[in-house]
Structures are given as structure tokens and as C-alpha cells.
Amino acid sequence: MKFHNIFLFILFLSSFHHAHAQVWEKQPIVKDNGDSLLLKADVTNFDKDGNYCFVKHYGNESYIITKNRNYGKFRYSSGVSASGGELMTFYNNEGNDIYYKNAKGTIIFEPVNGRLDNIISSGTDNNMAITCESGDEVEYYVNGRLVNIVAKQAQPMLDHDWYAFSENGNVLFSYKKNG
């Protein structure tokens, strides 16, 4: 027993020494010329295909820069926690159009108009399913594409995920047709 206690004491001391023996130094991997959007952006997202999305807030205005297009000026932006992820929304100055994206992704989805509800990303990087309440209808969108419209009165309670994504492209979904 005495040997066991001595062994544990020596093991403790040696593990402490090894755990604190490394020194980490943080250095930027890009050169800062004073105008670096990458270093000054409030949100940065990249994917394995080389796409990127930068979000920059200037006071009450927001701008988005992607590999293919620039968006803005938006009068308001916000984030909402979703099923397995987070939705970022951007409200246009010219009306009630809402642009949105998966907070981890690089894709900006074309605008919807209404109240966003039932947000699903399934923890993926670029996928997003939403319902949007507009007037007397509820619109179902998957990755920016309208897939169904039902009357607000006919819409079932959506207390579950009506759409599930996987990173390999498989999906599982359910919604009421001809509502």
C-alpha cells in the first residue's frame, strides 16, 4: 500500500510537469495591413470548398460579404438559437424582407417576408429549414426554397422537427399537403 501511494504521488507530480510544460503563442496567419476584413469582421465563416461569409456591423447597420455577392445595408440583424444550430437574420432597409443564414454557414438565403418560426438546422453548417407566417398562410422553406404553403388555421402544431438534415445530403421531412 505504501508503494502504491508513493507511485501515485510521483505520477501526479510528473503529469503536472508535463501538462504545463508547453508554451503557446498566438500569431495571426494573415498579414494585417489595417484594412483586413477578415480580422475586422464580427462573424467569419468558411467551408471546405473555399466559400466564405463575413458579417460586419457598423453601428446600427450590417453588411454581408460572400465569395459571390455582397449584401447590405441591413437595418437590423439578430441571431436565434435553433434545433442543433443558430439562425442569423438580416432585415432589409427597403421593406420587411428578411435574409437569413445558418450561423455556421456561408450561404445567404433569399429573403422571406413574415414572421420566422420553427427553425431547423440539425447541427449542419449550411442547411436551414424554416416556417414563415405571412398573412393567413404559413410558408415552409428549405435552404431558401419554398416547398409548401398551408392556411394558418390548417397548420398543425409544430412542436417537433418537421425537417432533418445530414451533412451527406440525406433528409427526412414531413408537412401537411393541400392545407
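The values are calculated or read from the model by the stated rules, or taken from the named source; none is laboratory data. Every value quoted in this text rests on a predicted model; they were computed, and no experiment measured them. Neighbour counts run over all protein chains shown; Cβ positions are idealised from the backbone, glycine included.
Side notes on the structure shown:
- The range 85-108: number of residues that are assigned to a strand (DSSP E or B), charged (D, E, K, R) and modelled with pLDDT under 90: 2
- In the range 128-176, of all residues being in a loop (DSSP other than H, G, I, E, B) and modelled with pLDDT of 85 or more, the one that is farthest from Ile108 (Cα to Cα) corresponds to Asp136.
- When Thr124, Thr131 are screened for being β-branched (Val, Ile, Thr) and within 27 Å of Gly50 (Cα to Cα), only Thr124 passes.
- Count of the range 120-148 residues, restricted to those that are more than 17 Å from Asn170 (Cβ to Cβ), touching a Phe, Trp or Tyr at 6+ places or on another chain (Cβ under 8 Å) and buried (at least 16 other Cβ atoms within 10 Å of the Cβ), is 7.
- Residue within the range 12-29 that is of a type in the set (D, E, K, R), at pLDDT below 90 and closer than 28 Å to Glu139 by Cα present: no
- Any chance Thr66 is in contact with a strand residue (DSSP E or B) (Cβ under 7 Å, 6 or more places away or on another chain), modelled with pLDDT of 90 or more, within 22 Å of Asp125 (Cα to Cα) and surrounded by 10 or more Cβ atoms within 10 Å (Cβ to Cβ): yes
- Residue count for the range 45-63, restricted to those that are closer than 17 Å to Ile98 by Cβ and without any contact (Cβ under 8 Å) to a residue 12 or more places away in the chain: 1
- For the range 69-84, the candidate set comprises residues that are hydrophobic (A, V, I, L, M, F, W, C) and surrounded by 16 or more Cβ atoms within 10 Å (Cβ to Cβ); within that set, the residue that is modelled with the lowest pLDDT is Ala82.
- Residues located in the range 48-63, provided they are of a type outside the set (A, V, I, L, M, F, W, C) and either assigned to a strand (DSSP E or B) or exposed (fewer than 13 other Cβ atoms within 10 Å of the Cβ) (or both): Lys48, Asp49, Gly50, Tyr52, Lys56, His57, Tyr58, Gly59, Asn60, Glu61, Ser62, Tyr63
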